[in-house]
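Undergrad: Dropping a structure here in structure tokens format, bear with me for questions.
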Amino acid sequence: MSPEASALIIAIDGPSGSGKSSVSKAVAAQLGVGYLDTGAMYRALTWWCLDQGIDLTDEAAVVEAARSLPLEQSTDPTDQRVSVGGTDVTDEIRTTAISSEVSKVATNTGVRPILQQAQRDRMSAIAAETGGVVAEGRDITTVVAPDAPVRILLTASEEARLRRRSAEVHGTADEEAIAATRDQVLRRDRDDSAVSQFTVAADGVVTVDTSDLDFDESVEAVLAVVASLTGDAEPDPR
Ligand SMILES: Nc1ncnc2c1ncn2[C@@H]1O[C@H](COP(=O)(O)OP(=O)(O)O)[C@@H](O)[C@H]1O
Ligand SMILES: Nc1ccn([C@H]2C[C@H](O)[C@@H](COP(=O)(O)OP(=O)(O)O)O2)c(=O)n1
């Protein structure tokens, strides 16, 4: 039996602002396994293309960039660093400049199989190293790891997602800040929906709706699903 056969592989998908990244990191940390942020890979490729002066609408050029992307990404859920070609882009890939362009790269159908395969390879390597992995994105439960023993769709109402992203990016969730966040959340989800299904759970995928849960409750809810599906994944009580 390969080491991966008994590994704790957890796939989490969901729309922007549902809590995928923050909740997945906390779950991975509590379970003592590695973490893979697949959205960061699309963001890093977007940054690289813009840095190289590649027109994001030139599909073939972006596919070529995906093939040779010099990406380094940490797997520690408590210390996430992303660098491309030796440049640390951890913060830069979260800026509005990247958030507003990333869907052009994520909806490039030549790019997706390249990053999906890279994600499968990364998941296997992380699981072999740490005994498991929490991987999150838009198509992990359906395309990247449809055989994962734990597959979760993390959702939240449009209102909750806008409020959270607005508070995160603008430090407030007043009307003006929410209006400024709409493009980043709703338009991007609409564009991304053209290539992935992340609003309705596929067969066998458990939905966790965090609309009325605070952050800690969301982490608990995901851990409860993990425990119920694996039987032996109760978090360390320390
Ligand atoms: N259940 C929750 N309740 C309140 N805030 C949350 C919850 N889950 C996540 N957040 C906060 O909302 C923001 C967006 O979460 P994030 O994990 O980046 O979402 P996603 O990766 O799905 O886009 C972050 O500031 C995060 O701390
Ligand atoms: N597995 C994935 C992960 C992300 N994407 C796309 C969708 C998003 O527009 C970008 C960035 O994803 P990311 O998870 O960082 O975005 P949010 O934090 O949820 O707003 O990449 C994807 O198409 N497939």
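The values are calculated or read from the model by the stated rules, or taken from the named source; none is laboratory data. It should be emphasised that the depicted structure is a prediction, and the values quoted were computed from it without experimental measurement. Virtual Cβ from ideal backbone geometry, glycine too; neighbours counted across all protein chains shown.
Undergrad: Tell me, which residue of region 26-40 that is of a type in the set (A, V, I, L, M) and more than 7 Å from ligand 2 (Cβ to nearest atom) is surrounded by the fewest Cβ atoms within 10 Å (Cβ to Cβ)?
TA: Taking region 26-40 and keeping what is of a type in the set (A, V, I, L, M), we get 26-29, 31, 33, 36, 40.
This time we only want the ones that are more than 7 Å from ligand 2 (Cβ to nearest atom), so: 26-29, 31, 33, 36.
Details: ALA26: 23, VAL27: 28, ALA28: 27, ALA29: 16, LEU31: 25, VAL33: 23, LEU36: 26.
In this case the residue turns out to be ALA29.
Undergrad: Given GLU101, GLU136, which one is within 12 Å of ligand 2 (Cβ to nearest atom), among the acidic types (Asp, Glu) and surrounded by 22 or more Cβ atoms within 10 Å (Cβ to Cβ)?
TA: Going through GLU101, GLU136 in turn, just one is within 12 Å of ligand 2 (Cβ to nearest atom), among the acidic types (Asp, Glu) and surrounded by 22 or more Cβ atoms within 10 Å (Cβ to Cβ): GLU136.
Undergrad: Right, another one. Which residues, counting only those in region 74-91, are of a type in the set (Asp, Glu) and within 16 Å of ligand 1 (Cβ to nearest atom)?
TA: Once the filter is applied, which keeps residues that are of a type in the set (Asp, Glu) and within 16 Å of ligand 1 (Cβ to nearest atom), region 74-91 yields only ASP91.
Undergrad: Could I ask something else about it? Identify, from the list SER18, SER22, the residue that is within 16 Å of ligand 1 (Cβ to nearest atom), part of a loop (DSSP other than H, G, I, E, B) and either over 14 Å from the mean Cα position of the chain (by Cα) or among the small types (Gly, Ala, Ser) (or both).
TA: Selected residue: SER18, the only one of SER18, SER22 that is within 16 Å of ligand 1 (Cβ to nearest atom), part of a loop (DSSP other than H, G, I, E, B) and either over 14 Å from the mean Cα position of the chain (by Cα) or among the small types (Gly, Ala, Ser) (or both).
Conditions (1) more than 10 Å from ligand 1 (Cβ to nearest atom); (2) assigned to a helix (DSSP H, G or I), marked per residue:
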| site | (1), (2) |
| --- | --- |
| GLU168 | no, yes |
| ALA177 | yes, yes |
| ASP183 | yes, yes |
| ARG190 | yes, yes |
| SER196 | yes, no |
| THR199 | yes, no |
| SER211 | no, no |
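Undergrad: Among the candidates THR46, THR75, which residue alone is within 17 Å of the chain's Cα centre (by Cα), modelled with pLDDT of 95 or more and within 26 Å of ARG163 (Cβ to Cβ)? Show your work before the answer.
TA: Working: THR75 fails: within 26 Å of ARG163 (Cβ to Cβ).
Criteria check complete, one pass: THR46.
Undergrad: Here is a further query. Let me confirm something: among ARG187, ARG182, ARG238, which residue is within 18 Å of the chain's Cα centre (by Cα) and either at pLDDT below 95 or surrounded by 14 or more Cβ atoms within 10 Å (Cβ to Cβ) (or both)? Steps first, please.
TA: Values: ARG182 fails: within 18 Å of the chain's Cα centre (by Cα); ARG238 fails: within 18 Å of the chain's Cα centre (by Cα).
Within the list ARG187, ARG182, ARG238, the selection yields ARG187.
Undergrad: Continuing with the same structure: Being in a helix (DSSP H, G or I), in contact (Cβ under 8 Å) with a residue 40 or more places away in the chain and of a type in the set (D, E, K, R) is the filter here, so list the residues in region 109-138 that pass it.
TA: Correct list: ARG112, ARG122, GLU129.
Undergrad: If I ask for residues that are outside any loop (DSSP other than H, G, I, E, B), touching a strand residue (DSSP E or B) at 6+ places or on another chain (Cβ under 8 Å) and of a type in the set (Gly, Ala, Ser), which ones from region 60-89 would you list?
TA: First, pick out the residues of region 60-89 that are outside any loop (DSSP other than H, G, I, E, B): 60-67, 71-73, 82-84, 87-88.
Next, from what is left, pick out any that are touching a strand residue (DSSP E or B) at 6+ places or on another chain (Cβ under 8 Å): 71-73, 82-84, 88.
Within region 60-89, just SER83 meets the criteria.
Undergrad: Out of region 43-63, which residues are within 20 Å of ALA118 (Cα to Cα) and either aliphatic (A, V, I, L, M) or exposed (fewer than 15 other Cβ atoms within 10 Å of the Cβ) (or both)?
TA: The answer is ALA44, LEU45, ALA60, ALA61, VAL62, VAL63.
Undergrad: With the condition kept exactly as written, say whether any residue in region 74-92 is touching an Asp or Glu at 6+ places or on another chain (Cβ under 9 Å), free of Cβ contacts under 8 Å to residues at least 40 places away in the same chain, basic (Lys, Arg) and closer than 28 Å to ASP216 by Cα.
TA: Checked region 74-92: at least one residue is touching an Asp or Glu at 6+ places or on another chain (Cβ under 9 Å), free of Cβ contacts under 8 Å to residues at least 40 places away in the same chain, basic (Lys, Arg) and closer than 28 Å to ASP216 by Cα.
Undergrad: LEU45 is checked against (1) part of a helix (DSSP H, G or I); (2) more than 15 Å from ligand 2 (Cβ to nearest atom) and fails just one. What number does that condition carry?
TA: The one condition LEU45 does not meet is (2).
Undergrad: State whether one or more residues within region 145-166 are among the small types (Gly, Ala, Ser), more than 15 Å from ligand 1 (Cβ to nearest atom), more than 24 Å from GLU101 (Cα to Cα) and assigned to a helix (DSSP H, G or I).
TA: no
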